[in-house]
Amino acid sequence: MIEYLFSALTPLNILLALVGVAAGTIIGSIPGLTATMAVAVLVPVTFSMQPDSALILMGAIYTGAIYGGAYAAILLNTPGTPSAIATTFDGYPIAKRGDGDLAVSVACLSSVFGGLVGAIALLLLAPPLAEAALAFGPVEYFWLAIFGLSLIAALSTGDFLKGIIAACFGLLLSMIGISETSAEVRFTFGSNTLLGGIETVSALIGLYCIPVLIDLVATPDRHLKEPEQTRGFRLPEAMQEMLRNKINVVRSSLIGTMVGALPGAGGSIAGLVAYSEARRSGKGDVPYGEGNPGGIVATESANNATVGGGFIPTLVLGIPGTPPDAVILGALLVQGVRTGPTLFADGANIVYTFIFGLLLATVLMLPVGLIIGRFAYRAIVRAPKAGLVPIVAFMTVIGSFAIRNNISDIGIMIVLGVIGWIASKRGFSVSPIVLGLILGRIAEQGFVQSWTIGDAMDDLWGQFFGRPLSLAIIAMTLVSFIYPFAPQIRHFFHSASAGPAPTPARASPQKFWADLVTFAVFGAIGLVVLIQAAGLNPEAAVFPRTIAMGMLVIVAIAVARLFLICQVTDEPITGSSIRRVSVPAIMLLAVLAMSTVGFALAGLMMALALIIPAQHGRLSGTVAATLTLGVAGIILIFTFGFSEILSVPLPPGQLF
């Protein structure tokens, strides 16, 4: 083993690990640029390298990109990568109260710890963990997705029924397009735009980032509170948080490693499962979901542990554990390296040099991540709102386009963002929608395959509830689902013995009718899905029909409750409505203009136009010119970087 360690510590490999971590962190911090894209863009560079050096570079980029997604999640409430979804739950509230620098440092330490656990598991436990991963069949994947959905109970801020309805809506969104189980076209209503389905990352950007931009322009308040004095990296405080969450970080890292070893599961599921467990067992002065650092610890340690965990089935079985692993596997095949059970014996020099290189890259992530994180925090905090809004809006647009090189994805992203803003103001949390959207495909594949097998064996019950591993996941799901209601259950029995509680105030007629109309819209969506599903074959129809029927039942219960107790959960709307409407309007106009003036010019015009609603108060001519030139310069740099460095084909227009 010592010779492999020294092979990993050559100057070239150290440089590749350092450059890879830095590049991955920067790419992962930009909404829309996933870890898969970060690895794929730089794969051609590795073709002239030795296989072990190529693996070290790609592994470093991968682990850096997973961590980089935490920056946007914490500072902009937008997951830079899908694996950082749960980081937004507590990271953004921490940043809003003025501790964004602390949140970034906690995320960095957690990522390093999780990455080390995953890499050590790859070094010591790869063969047995790969065999354990093979025990997961379709039904286990289905119940694992349901386990992730059980987090809805914890994420439904104030109204559990609205959380379930939102999750059902997200599940139905995931079924738009061509069915992965039967290849039948569903719920496109004749539109070619929807044939490819709702792209997950662009949907995440829309649902999380667009509502932030809409609210940001409405008031003159700063995006994040600027600290009165420079506080550095705040490492001592971050280390104290890690010590308070020592069990959490170990448990979450192990969860991330095991989930990462499951082919197709990925960092988003690992982060959600770890967050669910942390919330179930966690304690603290601040509740989870309102700014508890334990939420960041759980998510970031878990999703970075999936890097090492995902390489286990990739290298041992030749089955990619995550999408970036699939890209890396392809690069290895091009170089003539054949993965499989014999690789650890026949190619030990490649495998073990890479594993030690991955450990090296994870260690280097600590100084690199802290430095880049500090720069990102200061840039976001100090940026004027009239500069921040246009730049972030442009990043959402170009990031959504870059995933599939499809302008339609930008329009869908903006529309979903508006839907997310309206839903959040009516008390429907965006997070359950995102959970349903991400876990929907995994749940449907597992459900349909298990249903088909059980139906063929004439034993549906045994197929879903007769396997020991499935029963274990079901038990964890029930605990995770019920646990958030424990305080209410205790309060109910306590109040029953103490006497009747005071009756809450009834909602105003405006709020009552607004909620009723919202429920009617979701009910109409469920009915449309049922009608459309009637014309599909059984495999394509069974899951959407089940979800739609469940959604209608929950909507009916919610409406009955509304009439009985006349209480409404919503969020207040403050600030200028005209400024709010202008943000999606300007962005949609830019999308429409792209076919005429081209992507680059339309994006630049959009950014400059957004300065107007984002600016509160008059500016002097010099300041206005400086702001305009600064925004234009940054937009042009991003455009050049995407077009020339990342090779994203930005479409020209008819005129330019």
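The values are calculated or read from the model by the stated rules, or taken from the named source; none is laboratory data. Please read these numbers as outputs of a predicted model, since none were measured by experiment. Glycine also receives a Cβ, built like all others from the backbone with ideal geometry; neighbour counts cover every protein chain displayed. With ligands, DNA and RNA removed, areas are computed over all heavy atoms of the protein, side chains included. Shrake-Rupley method; radii C 1.70, N 1.55, O 1.52, S 1.80 Å.
Would you confirm whether any residue within the stretch 283-291 is in contact with a Phe, Trp or Tyr (Cβ under 9 Å, 6 or more places away or on another chain) and assigned to a helix (DSSP H, G or I)? No, the conditions are met nowhere in the stretch 283-291. Can you pull out the residues in the stretch 613-642 that are assigned to a helix (DSSP H, G or I) and in contact (Cβ under 8 Å) with a residue 24 or more places away in the chain? Matches in the stretch 613-642: 613, 614, 627, 630, 631, 632, 634, 635, 636, 638, 639, 642. Just one of the listed residues (263, 236, 220) is open to solvent by 10 Å² or more (accessible area, probe 1.4 Å) and touching a His at 6+ places or on another chain (Cβ under 7 Å), and it is 220.
Any residue that is among the β-branched types (Val, Ile, Thr) and touching a Pro at 6+ places or on another chain (Cβ under 9 Å) - is there at least one of those in the stretch 436-450? Taking every residue of the stretch 436-450 in turn, at least one turns out to be among the β-branched types (Val, Ile, Thr) and touching a Pro at 6+ places or on another chain (Cβ under 9 Å).
Within the stretch 287-324, the set of residues being free of Cβ contacts under 8 Å to residues at least 60 places away in the same chain and either within 15 Å of the chain's Cα centre (by Cα) or farther than 23 Å from residue 63 by Cα (or both) comprises 287 only. Against the conditions (1) under 26 Å from residue 146 (Cβ atoms); (2) at pLDDT 85 or above; (3) assigned to a helix (DSSP H, G or I), residue 428 satisfies every one except (3). Candidates in the stretch 316-336 are the residues that are part of a loop (DSSP other than H, G, I, E, B) and crowded, with 19+ Cβ neighbours inside 10 Å; of these, the one that is modelled with the lowest pLDDT is 321. Do we have residue 411 as at pLDDT 90 or above, more than 18 Å from residue 71 (Cα to Cα) and surrounded by fewer than 22 Cβ atoms within 10 Å (Cβ to Cβ) here? It is true that residue 411 is at pLDDT 90 or above, more than 18 Å from residue 71 (Cα to Cα) and surrounded by fewer than 22 Cβ atoms within 10 Å (Cβ to Cβ). If you go through the stretch 530-544 and keep only what is closer than 14 Å to residue 179 by Cα and assigned to a helix (DSSP H, G or I), you end up with 532, 533, 538, 539, 540, 541, 542, 543, 544.
Residues in the stretch 460-497 that are within 12 Å of residue 280 (Cα to Cα), among the aromatic types (Phe, Trp, Tyr) and at pLDDT 70 or above: 481 only.
For the stretch 526-555, filtered to residues that are among the small types (Gly, Ala, Ser) and in contact (Cβ under 8 Å) with a residue 12 or more places away in the chain, the residue that is surrounded by the fewest Cβ atoms within 10 Å (Cβ to Cβ) is 550. Across the stretch 437-471, the qualifying residues are those that are in contact with a Ser or Thr (Cβ under 7 Å, 6 or more places away or on another chain) and either among the charged types (D, E, K, R) or within 17 Å of residue 518 (Cβ to Cβ) (or both), and the one among them that is surrounded by the most Cβ atoms within 10 Å (Cβ to Cβ) is 444. Looking at the stretch 36-52, which of its residues are open to solvent by less than 10 Å² (accessible area, probe 1.4 Å) and closer than 19 Å to residue 308 by Cα? Within the stretch 36-52, 38, 39 qualify. Given (1) in contact with a Leu (Cβ under 8 Å, 6 or more places away or on another chain); (2) part of a helix (DSSP H, G or I); (3) closer than 15 Å to residue 642 by Cα, where does residue 24 come up short, assuming only one miss? The single condition residue 24 does not satisfy is (1).
Matching residues to (1) within 20 Å of the chain's Cα centre (by Cα); (2) of a type outside the set (Val, Ile, Thr):
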site	(1), (2)
379	no, yes
411	yes, yes
449	no, yes
453	no, no
456	no, yes
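Against the list (1) aromatic (Phe, Trp, Tyr); (2) open to solvent by 40 Å² or more (accessible area, probe 1.4 Å); (3) within 30 Å of the chain's Cα centre (by Cα), the condition residue 563 fails is (3). If you go through the stretch 84-97 and keep only what is open to solvent by less than 10 Å² (accessible area, probe 1.4 Å) and either out of contact with any Asp or Glu (no Cβ under 7 Å at 6 or more places or on another chain) or within 14 Å of residue 26 (Cβ to Cβ) (or both), you end up with 84, 85, 86, 88, 90, 91, 94, 95. When 188, 193 are checked against the criterion of being farther than 30 Å from residue 319 by Cβ, among the hydroxyl-bearing types (Ser, Thr, Tyr) and open to solvent by less than 30 Å² (accessible area, probe 1.4 Å), 188 stands alone in meeting it. For the stretch 340-353, the criterion of being touching a Gly at 6+ places or on another chain (Cβ under 6 Å) and buried (at least 17 other Cβ atoms within 10 Å of the Cβ) is satisfied by no residue at all. Going by the conditions given, is residue 388 touching a residue at least 24 places away in the same chain (Cβ under 8 Å) and under 27 Å from residue 17 (Cα atoms)? It is false that residue 388 is touching a residue at least 24 places away in the same chain (Cβ under 8 Å) and under 27 Å from residue 17 (Cα atoms).
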